[in-house]
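Input: a single structure, listed below in structure tokens.
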Amino acid sequence: MTPKEVLAQIRQREVTTVDLRFMDFPGVWQHFSIPADAVGEETFEEGLGFDGSAIVGWRAINESDLLVVPQPETALVDPFMVEPTLTMICNIHDPITRSDYTRDPRNIARKAAAYMREGGVADYCLFAPELEFFVFDDVRFAQTANEAFYRVDSIEGAWNSGRRESPNLGYKPVAGLGYFPCPPTDGLMDLRSEMARRMAECGVGVTSHFHEVATGGQCEIDLEPRDLLEAADRVMLARYVIRNVARRGGKTATFMPKPLFGDNGSGMHTHMSLWKDDEPILAGDHYAGLSDVGLYAVGGLLRHAEALCAFGNPTTNSYKRLVEGFEAPTRLAYSRRNRAAIIRIPVTGTSPRDRRVEYRCPDAAANPYLLFSAMLMAVLDGVEHKIRPGEPLDRDVADPGPQGLARFAAAPRSLEATLEALRADHEFLLKGDVFTRDVVDTWIWYKKSHEVDALRARPHPYEFNLYYDV
């Protein structure tokens with residue numbers, strides 16, 4: 001869509017409000033709105049100013065001004081607003097130099113795709129994320145000087161099997177057994193179908209949706225593969241749709257990786273493939289149908305796996321999911337079918353065009369622009385240096401012997417550990433000026449000071465169980 005076409009749509013749809021959205025540094029959509037009649041063709045060139053110092057991780061107060069520049073190809077009419085509202089995703093520019101702002105995650109994604117093309121490895125890279133999330137009926141939490149608690153509830157939570165509900169009709173999935181049940185045990189099918197339909201109306205293709213393993217309302221919606229930048233845009237739009245459909249239905253959706261103790265957490269398994277001259281270059285005659293480039297891609301992801309977790313698993317809560325026993329990938333390895341490995345080569349489909357790599361570590365709390373960019377940079381590093389991935393993890397994960405699970409390194413156990421890994425291993429991200437040192441340093445600083453240290457300083461409710469009577 002061109003600027004002229006956007007302006008025509010505003011007139012035809014009688015739009016009254018234009019909503020401008022952009023991605024902050026940690027990974028949350030921000031926005032502000034302007035009257036529709038304030039938008040002209042010059043808006044798409046000149047942009048609009050805003051206070052960058054108010055956005056987490058961006059400008060200092062003495063250099064606060066930034067520009068949002070709407071991208072016309074992202075325009076759509078918001079299905080949730082009462083007032084006719086057209087939304088557009090924006091890039092962030094420096095108002096003096098007019099250059100891309102280096103801490104804008106969307107600009108980083110654009111640079112990663114350009115670096116791939118300029119290097120001649122591939123013409124484009126497709127990403128197909130699987131969004132897992134919980135739908136709750138009630139959530140309460142607080143953190144004060146003398147109190148810290150959380151409480152979530154779901155009508156289908158196994159913990160409510162004995163609750164007086166006048167009447168309690170049962171059909172509550174048991175913890176760990178919520179995968180693929182038909183209604184009425186799957187009580188969220190209609191809600192997910194509405195989410196998928198709304199996504200389709202917004203141009204976000206869905207390949208499937210279903211109830212996930214955990215009790216208490218865990219769901220999954222899988223997205224169609226798209227090029228890097230569009231895939232990240234669609235993750236953000238999908239999250240927006242999921243939250244708003246849930247809220248309209250009197251429920252609340254969360255992408256927090258591990259909201260329930262003792263049951264599965266939520267991930268964002270991400271499938272990726274590389275294409276050149278419209279041919280899949282990961283496909284070949286080696287293990288699991290991979291080419292040499294495919295093996296090198298896996299090697300690059302494994303070589304930088306601990307650093308990648310800083311973007312793919314960017315919260316302290318993420319590491320409560322990455323523990324053994326709950327289907328989360330915990331081993332820095334690859335495999336055709338073993339889901340304990342962080343990389344899987346799916347065996348579904350016999351066509352070379354189906355050949356892809358599934359990176360299973362990330363969760364949907366990730367900033368998709370930074371995650372997909374970092375994954376691509378790791379893959380390109382693997383191809384450049386012809387990094388072999390070693391032997392696959394194909395044996396039974398319960399085998400404790402030297403050929404079993406124990407021989408493969410484990411994923412990082414904490415956000416602090418992966419931030420230190422990123423500090424030691426980030427040169428591959430700096431190639432082509434895709435990530436800058438400032439971006440890496442700011443990410444480490446923000447996550448450590450605002451999350452790792454903030455959590456460390458606060459008493460945990462479970463510590464009262466352990467230590468109150470010492």
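The values are calculated or read from the model by the stated rules, or taken from the named source; none is laboratory data. What you see is a predicted model; the values in this text were computed from it and never measured. Counting neighbours? That spans all protein chains shown, and the Cβs are built from the backbone with ideal geometry, glycine included. Calculation scope for accessible area: heavy atoms of the full protein, side chains included, ligands and nucleic acids excluded. Shrake-Rupley method; radii C 1.70, N 1.55, O 1.52, S 1.80 Å.
Please calculate how many Å² of accessible area the chain carries per residue, with a 1.4 Å probe and no DNA, RNA or ligand atoms counted.
Per residue, the chain has 45 Å² of solvent-accessible surface.
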Worksheet entry | Inter-site label distance for residue 117 and residue 161 at 7 Å from Cα along Cβ, in nm | 5.5 nm
Discussion item. What is the ratio of the Cα radius of gyration of the chain to 2.2 N^0.38 Å, with N the residue count, to two decimals?
Written reply: 1.00
Worksheet item: Could the peptides 294-302, 129-137 be put in order, highest first, of the mean number of other beta-carbon atoms found within 10 Å of their residues?
Response: 294-302, 129-137
Worksheet item: For the range 103-211, which whole percent of the accessible surface, found with a 1.4 angstrom probe, sits on carbon and sulfur atoms?
Response: 55 percent
Discussion item. If each residue of separation counts as 0.36 nm, what is the full-extension length gain between residue 324 and residue 180 once their alpha-carbon separation is subtracted?
Written reply: 49.7 nm
Practice prompt. Quote the FRET efficiency, to the nearest 0.05, computed for residue 409 versus residue 124 with a Förster distance R0 of 35 Å and r equal to the Cβ-Cβ distance.
Written response: 0.65
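Could you give me D for the range 311-367, from Stokes-Einstein at 20 °C and 1.002 mPa s, where the hydrodynamic radius is the Kirkwood radius over C-alpha pairs? Units µm² s⁻¹, please.
175 µm²/s
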Worksheet item: Can you give the percent of C-alpha pairs in the range 275-317 whose distance is more than 17 Å?
Response: 48 percent
Fill in: Relative compactness, the range 158-199, computed as alpha-carbon Rg over 2.2 N^0.38 Å
1.37
Worksheet item: Between rounded, prolate and oblate, where does the range 314-470 land on the alpha carbon gyration tensor, with a ≥ b ≥ c its root eigenvalues, rounded for a/c under 1.5, else prolate if a/b exceeds b/c?
Response: oblate
Discussion item. Please compute the length gained on full extension between residue 463 and residue 45, using 0.36 nm multiplied by the number of residues separating them and subtracting their Cα-Cα distance.
Written reply: 145.0 nm
Worksheet entry | R0 of 30 Å, Cβ-Cβ distance residue 224-residue 30: FRET efficiency to nearest 0.05 | 0.70
Practice prompt. In whole angstrom, note down how far apart the Cα centers of the range 31-82 and the range 83-130 are.
Written response: 15 Å
Discussion item. Let me see the P(r) profile for the range 224-270: every Cα-Cα distance counted, bins of 10 Å, each bin given as a percent of all pairs.
Written reply: 23, 41, 32, 4
Response to the item:
What one gets for the range 236-313 as the Kirkwood radius, inverse of mean 1/r over different Cα pairs in Å, is 16.0 Å
Practice prompt. Round to the nearest 0.05 the FRET efficiency obtained for residue 248 and residue 144 when R0 = 30 Å and r is the Cβ-Cβ distance.
Written response: 0.45
Discussion item. Under the 0.36 nm per residue contour assumption, what length would be gained going from the current alpha-carbon distance of residue 433 and residue 388 to full extension?
Written reply: 13.7 nm
Worksheet, complete the sentence: In whole Å, largest first, the alpha carbons of the range 41-177 cover along the principal axes 64, 44, 35
